[in-house]
Amino acid sequence: MRPASQTRAVGIAIVGVSLLFAAIRFLQMQIDAKTRTVEQQKEELLLRSPSAVKRMSLGYNALLADIYWTRAVQYYGNRVGTPDATFELLWPLLDIATTLDPKLVIAYRFGAIFLSEPGPAGAGRSDLAIELVKRGIAENPDQWNLNSDLGFLYYWRLQDFQSSAAAYLEGSKNPKAPSWLKMMAARVAEKGGSLETSAMIWSELRNSTQDPIVRERATQMLRGLKAQEDEMHLDDLADQYKKRSAHYPASTGELRDAGLINGIPVDPDGYPYVFGPDGKSRLNPQSTIVIPKELRTPLSPSN
């Protein structure tokens, strides 16, 4: 017959787990509550302390980490792209998930993307994204892709090319790291801020992710970078045209007729570029391409 103390301990554990999962269910209800304000959600969200949740987990750390990560993805997905959306609960959810399971690499990688994206695509918190990835690197030193993510954050979000190159270089020291990581470190150190370097980084991000939201975002950025490179080239040609004709071209057709280009260049959407009265090329109003604002000033053409 089972001793009374052992039976009591089992009973307490069962109750504890039941209460914990009830609290998780309550958390989901708060995340899904469309009519509540962010401040109300913050006040009503019970389990925001990673250490408290870990103490209550009763050994189910990995399972609860998966639950919190799933909640973070749902929370982000319900708000991304919504005008004036805020992401106040994103960091607490990611903080708890990675504290419960420090080996949950996917939460570091994609969580950092969600945190660093400017609104309305994300929380606009590059500082927290970098903190999250650094934590991931400390807990998972064998994961070279986390160093790549850190290099991306420093490069694209902070324009800190020195720190970006250092992150890529550190990742390249991993025996499992691909050769392009060391090449990226050298490229960023030499030509940080160039269109070609930026395109390389976004290409690697797109190729390395299986998250459809991140892949689509990377594709959009690559299309925007291509349009930006086209515009810079057309602006140079417009200056050449003005030296010959004493006025800027009114269309790319005039550049073609002057023998400066072959055919009519189009953006990745298939629309021809247009010129303003200042001689600067622009996207066609019908185009869906968005030229990235990040790094627009220091970007230079590919070499």
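Since every read-out is calculated from the coordinates, none of them should be taken as a lab result. Bear in mind that the values here come from a model prediction, so they are computed numbers and not experimental data. Cβ coordinates were reconstructed from backbone atoms using ideal geometry, including for glycine residues, and neighbour counts include every protein chain displayed.
Some points to look at:
- Karplus-based coupling profile of the stretch 115-121, in residue order and whole Hz: 5, 7, 4, x, x, x, 8, with θ = phi - 60° in 6.51 cos²θ - 1.76 cosθ + 1.60 and x standing for Gly or Pro.
- Panel order for D239, D149, by other beta carbons found within 10 Å of each beta carbon, from fewest to most: D239, D149.
- Our coupling estimate for the stretch 175-191, obtained by passing each phi through the Karplus curve with A = 6.51, B = -1.76, C = 1.60 and θ = phi - 60°, is x, 8, 6, x, 5, 5, 5, 5, 5, 5, 4, 5, 5, 5, 5, 8, 9 Hz, Gly and Pro reported as x.
- Relative contact order, percent, the stretch 49-217 [alpha-carbon distance under 8 Å, six or more residues apart]: 14 percent
- Coupling constants for the stretch 254-259 follow from the phi torsions by the Karplus curve (6.51 cos²θ - 1.76 cosθ + 1.60, θ = phi - 60°), and in residue order they are 5, 5, 5, 5, 7, x Hz; glycine and proline get x.
- Amide H to amide H, with H built 1.01 Å from N, D267 comes under 5 Å of Y273, counting only residues 5 or more places away or on other chains.
- Cross-link reach is defined here as a Cα-Cα straight distance under 17 Å, omitting same-chain residues fewer than 8 places apart; for K280 the aspartates and glutamates meeting it are E229, D230, E231, D235, D236, D239, E254, D267.
- For the stretch 49-217, lysine pairs with C-alpha atoms less than 22 angstrom apart, excluding pairs fewer than eight positions apart on the same chain, total 11.
- Taking other C-beta atoms within 10 Å as the exposure proxy, S245, S281, S287, S164 rank S245, S287, S281, S164 from fewest upward.
- An oblate overall shape is assigned to the stretch 49-217, the ratio a/c of its alpha-carbon gyration tensor axes (a ≥ b ≥ c) being 1.5 or greater and a/b not exceeding b/c.
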